[in-house]
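First the structure, in the form of structure tokens, and then the observations on it.
The values are calculated or read from the model by the stated rules, or taken from the named source; none is laboratory data. Please read these numbers as outputs of a predicted model, since none were measured by experiment. Neighbour counts are summed over all protein chains in view; Cβ atoms, including those assigned to glycine, are modelled from backbone coordinates with ideal geometry.
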Amino acid sequence: MAARRKRGSVSPTLLAFGRQLRRLREAAGLSQESAGRRANGGRGVTSQYVGQVESGRTRCTREFAATMDAELEAGGRLLELWDDLVLDSAFPTWFDWPNIEAEAVMIQSYQPLLVHGLLQTPGYASAILRRAEAVEARLNRQKILTRQQPDPPLFSLLLDEVALHRETGNSTVMREQLQHLMNISELPNVILQLVPSRGEHLGNSGAFNLATLDDRNEVAYVESTIRGLTISDPDELSVLSRTLFEVRSLALPATHSREIIQRTIKERWIQ
């Protein structure tokens, strides 16, 4: 049997930078070749180099970012992104997940214990995070689900039913949170399915997210107590895809899930 071909590894942070560069270049009406001729103070780079930067496969220099920022009239945005995303990308295992989350066209997630951060109310988030700045950052992330431009991502959440009963904050917080789930699940780009609480399936190893970008590349984010782990290795992504497939096979239909959430509000959280 022939060995399976692997998709080349791509740094998520470099990919996020490259996508912004491509958008600015296309908005300016420049081809990769035209942009390349203007790079590095007029010394230029090849169109292949520009393509490698935009696809996240090459770590560009700050000089390249500075020239592109000026040529594309980015107002310093590309330099800021270079400092945030490219400077330390020689060690790309860890990174700021919201950068990729905001770029995704689809996000699939399994949450075994708590409501996903993109769907949390201020009260629920405050009970977990306890710091005002962290809560504000989490709530700001949620804007991607209702943004107008670019189109919001499709968000598919598989939520273990135990999260409906795990008191976080108090009964008022829980009632508001579950009602928020009812409301936001009506968005056309949000699919919420409950997973009956069981201990046998693969998803019980922990929460994770799988983001699909518009070029079909995938990046995963696995949560831990210390910090989140970002994954782009094809074999590891395959494991998470299989886990999603198994958990989704156990999930309840969206309509049935909404009925259970509504019933839980009345039976558990209205006192």
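Mind counting the residues in region 44-63 that are of a type in the set (V, I, T) and either assigned to a helix (DSSP H, G or I) or in contact with a Ser or Thr (Cβ under 6 Å, 6 or more places away or on another chain) (or both)? Before the answer, list the steps.
First, the residues of region 44-63 that are of a type in the set (V, I, T): 45-46, 50, 53, 58, 61.
Okay, now just the ones that are also either assigned to a helix (DSSP H, G or I) or in contact with a Ser or Thr (Cβ under 6 Å, 6 or more places away or on another chain) (or both), so 50, 53.
Of the residues in region 44-63, 2 are of a type in the set (V, I, T) and either assigned to a helix (DSSP H, G or I) or in contact with a Ser or Thr (Cβ under 6 Å, 6 or more places away or on another chain) (or both).
Search region 83-109 for residues that are assigned to a loop (DSSP other than H, G, I, E, B) and pair each with any residue that is small (G, A, S) and modelled with pLDDT under 80 when their beta-carbon atoms are under 8 Å apart and the residues are at least 6 apart or on different chains.
If the second residue must be small (G, A, S) and modelled with pLDDT under 80, the pairs left are S89/S11; P92/S11; W94/G228.
Filter region 129-157 down to the residues that are in contact (Cβ under 8 Å) with a residue 40 or more places away in the chain and farther than 16 Å from V115 by Cα and list them by number.
Once the filter is applied, which keeps residues that are in contact (Cβ under 8 Å) with a residue 40 or more places away in the chain and farther than 16 Å from V115 by Cα, region 129-157 yields I144, T146, D151, P153, L154.
Just to be sure, is I128 under 19 Å from the mean Cα position of the chain (by Cα) and not assigned by TED's automatic domain parsing to the domain that holds W82?
The answer is no for I128.
Considering every residue within region 137-154, establish whether at least one is among the acidic types (D, E) and part of a strand (DSSP E or B).
no
What are the residues in region 208-267 that are assigned to a loop (DSSP other than H, G, I, E, B), at pLDDT 95 or above and either surrounded by 15 or more Cβ atoms within 10 Å (Cβ to Cβ) or in contact with a helix residue (DSSP H, G or I) (Cβ under 8 Å, 6 or more places away or on another chain) (or both), if any?
Selection gives A251, L252.
In region 171-217, what residues are of a type in the set (D, E, K, R), touching a residue at least 40 places away in the same chain (Cβ under 8 Å) and within 21 Å of A254 (Cα to Cα)?
Within region 171-217, R175, E176, R198 meet the criteria.
Would you be able to tell me the number of residues in region 108-117 that are among the hydrophobic types (A, V, I, L, M, F, W, C), surrounded by fewer than 22 Cβ atoms within 10 Å (Cβ to Cβ) and modelled with pLDDT of 95 or more?
Here is the first cut: in region 108-117, the residues among the hydrophobic types (A, V, I, L, M, F, W, C) are 113-115.
Okay, now just the ones that are also surrounded by fewer than 22 Cβ atoms within 10 Å (Cβ to Cβ), so 113-114.
Still in the running and modelled with pLDDT of 95 or more: 114.
Total satisfying the criteria: 1.
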